[in-house]
Amino acid sequence: MARKILTEHINVPGIETFDVYRKHGGYTAVEKVIKTMTPEEVVEEAKKSGVRGRGGAGFPMGMKWGFLAKPEGVPRYLVCNADESEPGTFKDHHLMKSIPHLLIEGMIVSSFALGANKSFIYVRGELMYVIRILEKAIEEAKAKGFLGKNILGSGYDLELVVQPGGGAYICGEETALLESLEGKRGNPRNKPPFPAVKGLYQSPTVVNNVESISNMPWIINNGGDAYAAIGIGRSTGTKLISASGHIRKPGVYEIELGVSVDEFLNSDEYCGGIRDGHYLKALVAGGSSVPILPAHLITKTANGEDRLMSYESLSDGSFATGTMLGSGGFIVFDETACIVRNTWNFSRFYHHESCGQCSPCREGTGWMEKVLHRIEHGHGNMHDIDLLVDISKKIEGNTICPLGDAAAWPVASAIRHFRDEFVWHITHPHEASQPGAVYRDAVLA
Amino acid sequence: MEEVKPQLIKITFDGIEVEVAPGTTIMQAARKIAEADESQAGLVPPAMCYYKPLPSSGGKCRACLVRVAQGSAKDPRPMPKLVPSCITQVQEGMVVENTTNDAVLETRKSIVEFLLINHPLDCPICDQAGECHLQDFAFEHGSAKTRYEEERRTFDKIDIGPNIQLHMTRCILCYRCVYTADQITNKREHGVMGRGDAAEISTYISNAIDNEFSGNVIDVCPVGALTDKTFRFKNRVWFSKPEDAHCECDKCSGKAIVWYRGDEVIRVTARKNVWGEVNEFICNTCRFDRKKTSDWVLEGPTKVKRSSVISANKYRANLVPKPDFAMKLAATQFKPIDDSRPYVTDTETIREQSIENNDKANHRSLLSQNN
């Protein structure tokens, strides 16, 4: 069995209550930090651990904390991004509903490290029951003296606020999240200034993912170096992967970074292989926004090396032959899946979720969706394929926030790797527009 | 005590060096170049959403994206992405490429395309035509054809109060009117609702804007989405004659432009500077109610840019002829013609070829019908 950091006690009955969580070593990190460490030492441990942002970008968390501006007399804020809405990603949801105290302990430790006296957990509005679980857990922690005024008699105050979002994907972008938290329309801000300088209420703010923060108690208890020893290269620690699609055992798995994709996909410990009688066609490795990979590039990189579940290995060959670890939404397609239909579906999502602030994304996502809809329903033209590639190029990199890139990459990569399928949809409009019609690749069949 | 002057920052914009105060944006630096030398006006990045008198506007339309080839003298790396020039501040030794960079021009062309795909292109019946920023932008940077074949989004027209009509179908969501309502008027009653290309400027449950300065949203609107109901369908702007005028007004500066058709005042607008921005907003009384010449003290004809269609058929004393303009235009339009084909005089061959061409054309049209 691989080592578990986040999900070790997740199946213990009653772990969502304070007492059971405490019995299993909970809140020892808070005691250690408050009683024996300075904030600088906590930041140093985070830096040593090399833990990278689990929300998708993979930016080292310790470094992000190091960028936080610390002007005198201005409050600092920690905001936990629990607005997990990426299609194919459901790890934070699982973590928060099963073991809420882990996140709260992480929030206390992280807030102490950053010197924040008021911290926020921004949860997507659809997860109202999770919000109630978190609020109950916060009440329990407060009653035991781990939250509120004068924590454990140290003089450090921390107020933790759970804020439900309105149900917009864009509010998972950190500056849009801050706007939404301030009570405004969730439009991403222009950067610079970055949140580390001017974030929530124009004060220095750190925004971290649920999973990143939940790693902190273990890092404090066992040391940053012990955390850095897990994993491979610069991808340290463990990662939650939400596996879905045509596999035998969909679900949330905690893996040590560096496990091979082949093992993760086929071993019984994890996904358990493709469902019976079918074979692998494509894989989206990190949530809907990362490029899709065709079967021959999934377990081996273009150079013939084994592909590993790590930030570096998955992005090997950049976008030509690689993808990204992203937020860990592992979506597997077998040969019954239609790539054109799937791309249209992703595109429809980004069209629906674009905030409409900057023109390339507002107009481009809708345009791509309409063209893909046409192709899927048998009304495509050959020049539409090149048109899609061109639109995606024009959106990518020209928008305020990464939603434009996220909308462009799936389309561009689907055409890059599955162009023949798009061509088939156009040359065989009648067959392609039948319900459930799939182009079967002669080479793979 | 001697006054301390702030250290000026030197940047290079399209190969031209300019010194500006710290905190200036790239756009303002470019405008400074153009203000010093009128022949360089073509260098300035276009602005569809940025509006200098409205703080925190800009960065949304992406029309002004430029490439920063060198971030600063200290850190000479180029910036990885194109940056919006309207909100990016200059740094010492920055090198900016605008019209000299093909990627920037290509991106700008695509921005025109994006802005136009959901625009109704109803210029022939739009009151803004002739003074529309989107028309200028598309004319200067866009291509003549569209690749968009899908349905365009449409909205119903909404009356915002008795004097303003909102035609959301034409809107490019620049947010200028929202900032105006937020900053100029003391009570904001409208904003953006919905998301993505379904987002719309709206008053909450169609409230009428009841504010003395609400009329300024008409002037800041770059397109014909917000129009003056007292002027709608009265006249084309290029048939009207703008005159600078002022009046004694206790609410605003009273400085305005009065637009004439014959002897009749057909509309009143605020004065715009050379970049199409209003610096002194006017009140609704001046804009909608003072529609008689006797209400105004005329100062003389408004100076209109020669490139503007409003200047057509109007007398200007200090007209500067530009003889090389036609040649420049011709040079960009002409392409070498492929005349390597044999010259055919035989009538029979010509007949055959024309039949063949006809067949091809018929075949193509059949193909497109089948699709």
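Only one residue in B:V66, B:V104, B:V112, B:V96 is more than 14 Å from chain A (Cβ to nearest Cβ) and within 26 Å of B:K305 (Cβ to Cβ), so which one is that?
Numbers: B:V66 fails: more than 14 Å from chain A (Cβ to nearest Cβ); B:V104 fails: more than 14 Å from chain A (Cβ to nearest Cβ); B:V112 fails: more than 14 Å from chain A (Cβ to nearest Cβ).
The match here is B:V96.
Would you confirm, using the coordinates I've provided, whether B:P45 is assigned to a loop (DSSP other than H, G, I, E, B) and more than 15 Å from the chain's Cα centre (by Cα)? First the steps, then the outcome.
Working: assigned to a loop (DSSP other than H, G, I, E, B): yes; more than 15 Å from the chain's Cα centre (by Cα): no.
Spelling it out, it is not the case that B:P45 is assigned to a loop (DSSP other than H, G, I, E, B) and more than 15 Å from the chain's Cα centre (by Cα).
Taking residues in segment B:168-180 that are at the interface with chain A (Cβ under 9 Å from one of its Cβ atoms) and on the phi > 0 side of the Ramachandran plot, and partners anywhere that are surrounded by 24 or more Cβ atoms within 10 Å (Cβ to Cβ) and in a helix (DSSP H, G or I), the pairs with Cβ atoms closer than 8 Å and at least 6 places apart or on different chains are B:L173/A:S359; B:L173/A:R362.
Where in segment B:237-281 are there strands (runs of 3 or more DSSP E), lying wholly inside it, with at least 1 residues that are basic (K, R) and more than 28 Å from B:Q183 (Cα to Cα)?
Working: elements: B:241-246, B:255-261, B:264-270.
In segment B:237-281, B:241-246, B:255-261 are the strands (runs of 3 or more DSSP E) which contain 1 or more residues that are basic (K, R) and more than 28 Å from B:Q183 (Cα to Cα).
Suppose the filter is among the charged types (D, E, K, R), out of contact with any Ser or Thr (no Cβ under 9 Å at 6 or more places or on another chain) and outside any strand (DSSP E or B); does B:K60 pass it? Considered against the rule, which asks whether it is among the charged types (D, E, K, R), out of contact with any Ser or Thr (no Cβ under 9 Å at 6 or more places or on another chain) and outside any strand (DSSP E or B), B:K60 comes out as no.
On the basis of being modelled with pLDDT under 95 and away from chain A (no Cβ under 13 Å), does B:N118 make the cut? Working first, answer last.
Working: modelled with pLDDT under 95: yes; away from chain A (no Cβ under 13 Å): no.
Considered against the rule, which asks whether it is modelled with pLDDT under 95 and away from chain A (no Cβ under 13 Å), B:N118 comes out as no.
Among the listed residues A:E396, A:E421, A:E363, A:E376, identify the single one that is surrounded by 19 or more Cβ atoms within 10 Å (Cβ to Cβ), outside the structural domain of A:Y279 (by TED's automatic domain parsing), within 21 Å of B:A103 (Cβ to Cβ) and more than 24 Å from the chain's Cα centre (by Cα). Show your work before the answer.
Working: A:E396 fails: more than 24 Å from the chain's Cα centre (by Cα); A:E421 fails: within 21 Å of B:A103 (Cβ to Cβ); A:E376 fails: within 21 Å of B:A103 (Cβ to Cβ).
Just one listed residue meets the conditions, A:E363.
Of the listed requirements (1) within 29 Å of A:M63 (Cα to Cα); (2) touching a residue at least 12 places away in the same chain (Cβ under 8 Å), A:G155 misses just one: (2).
When you check A:Y227 against the structure, is it on the phi > 0 side of the Ramachandran plot and modelled with pLDDT of 90 or more, yes or no? Let's see the steps before the verdict.
Working: on the phi > 0 side of the Ramachandran plot: no; modelled with pLDDT of 90 or more: yes.
No.
Residues that are in contact with a His (Cβ under 6 Å, 6 or more places away or on another chain) and more than 9 Å from chain B (Cβ to nearest Cβ) number at least 1 in the following helices (runs of 4 or more DSSP H) confined to segment A:314-402: A:339-353, A:359-376.
Look at B:S72 and say whether it is without any contact (Cβ under 8 Å) to a residue 60 or more places away in the chain, within 13 Å of chain A (Cβ to nearest Cβ) and among the polar types (S, T, N, Q).
Details: without any contact (Cβ under 8 Å) to a residue 60 or more places away in the chain: yes; within 13 Å of chain A (Cβ to nearest Cβ): no; among the polar types (S, T, N, Q): yes.
Taking the combined requirement at face value, the residue does not satisfy it.
Considering segment B:305-355 alone, what residues qualify as being small (G, A, S), outside any loop (DSSP other than H, G, I, E, B) and either in the same structural domain as B:P242 (by TED's automatic domain parsing) or at pLDDT below 70 (or both)? Within segment B:305-355, B:S311, B:A326 qualify. Within segment A:200-217, the set of residues being on the phi < 0 side of the Ramachandran plot, of a type outside the set (A, V, I, L, M) and out of contact with any Phe, Trp or Tyr (no Cβ under 7 Å at 6 or more places or on another chain) comprises A:P204, A:N208, A:N209, A:E211, A:S212, A:S214, A:N215, A:P217. Within segment B:124-144, the set of residues being in a helix (DSSP H, G or I) and either touching a Leu at 6+ places or on another chain (Cβ under 9 Å) or within 13 Å of chain A (Cβ to nearest Cβ) (or both) comprises B:L134, B:F137, B:A138, B:H141.
The values are calculated or read from the model by the stated rules, or taken from the named source; none is laboratory data. In this text, all values refer to a predicted model and were calculated from it rather than measured experimentally. Positions of Cβ are backbone-derived with ideal geometry, glycine not excepted, and every protein chain shown enters the neighbour counts.
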